[in-house]
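Data block below; observations after.
The values are calculated or read from the model by the stated rules, or taken from the named source; none is laboratory data. Here the structure is a predicted model, which is why all the values come from computation and not from measurement. No Cβ is skipped: glycine too gets one built from the backbone with ideal geometry, and neighbour counts run over all protein chains shown. These accessible areas exclude ligands, DNA and RNA; they are computed on the full protein's heavy atoms, side chains included. Shrake-Rupley method; radii C 1.70, N 1.55, O 1.52, S 1.80 Å.
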Amino acid sequence: AVKAGKRALEIFESGVCCSEAVVYAIAETKELGNAILYTKMSSGLCGGMGLELACGVLTGGACAIGLYLGRNSLEEVPAVKCSTISKHFAAAFTEHYSASNCSDLKAQAPNPAQSRPYCKAIVEWGTAKVAEIINQNI
């Protein structure tokens, strides 16, 4: 889990957004072969969907949970509901940061106008946490 967090931080530092960094790191960990394809799906989640709504680490984490625990076909009934696992991740995230919206998290930064350095810790912690939760459920 820590390895995934560090990898997401490295990816985030390269200039991509938070949701993309989380999904790429988790897809890469799962060795899906084409992590960028999954990452493209999370690009619309950047910056709280462009409106500073739900944090991209949170929404990207929910996508990452689906990569591991989601359906493999439309007919499959998964053994565990992804929404249940996502709920656990969201609760842990919100408990840790006392917020889940991008705007509220950025407001906690020492310099809200320059929040990207603050977001680095959120990307690393959130990715490690979602990897830990995934590992507990696979």
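For the chain, the solvent-accessible area of protein heavy atoms averages 54 Å² per residue (probe radius 1.4 Å; ligands and nucleic acids excluded). Screening the chain for whole DSSP H helices of 30 Å or more along their axis (Cα) with average Kyte-Doolittle hydropathy at least -1.0 returns 116-137.
Length gained on full extension, His96 to Leu74: 4.5 nm, using 0.36 nm per residue less the C-alpha separation.
Over the range 26-138, the reciprocal of the mean inverse Cα-Cα separation, the Kirkwood hydrodynamic radius, stands at 14.7 Å. Extending 7 Å from the Cα toward the beta-carbon at both Ser83 and Asn137 defines two label points whose distance is 1.3 nm. Helical content alone sets the calculated 222 nm signal of the chain at -20500 deg cm²/dmol, taking -39,500 (n - 2.57) per DSSP H segment of four or more residues and averaging over every residue. Across the range 17-61, Cα-Cα pairs farther apart than 17 Å form 24% of the total. Here the chain exposes an accessible surface that is 55 percent carbon and sulfur, computed with a 1.4 Å probe and the other protein chains kept in place. Look at the alpha carbon pairs under 8 Å that are at least 6 residues apart: their mean separation over the length of the chain gives a relative contact order of 34 percent. For the chain, modelled as a GNM whose springs connect Cα atoms under 10 angstrom apart, the maximal fluctuation among Leu74, Leu51, Leu105 occurs at Leu74.
Taking a ≥ b ≥ c as the square roots of the eigenvalues of the alpha-carbon gyration tensor, the range 41-102 is classed oblate because a/c is 1.5 or more while a/b is no larger than b/c. With the largest listed first and rounded to whole Å, the semi-axes of the equivalent ellipsoid of the range 92-138 from the Cα gyration tensor are 24, 11, 6. Comparing Val77, Val57, Val16 in a Gaussian network model of the chain where C-alpha atoms under 10 Å apart are linked, the largest mean-square fluctuation is found at Val77. With springs connecting C-alpha atoms under 10 Å apart, model the chain as a Gaussian network and identify which of Ser73, Ser115, Ser86 has the largest mean-square fluctuation. Highest fluctuation among the options: Ser73.
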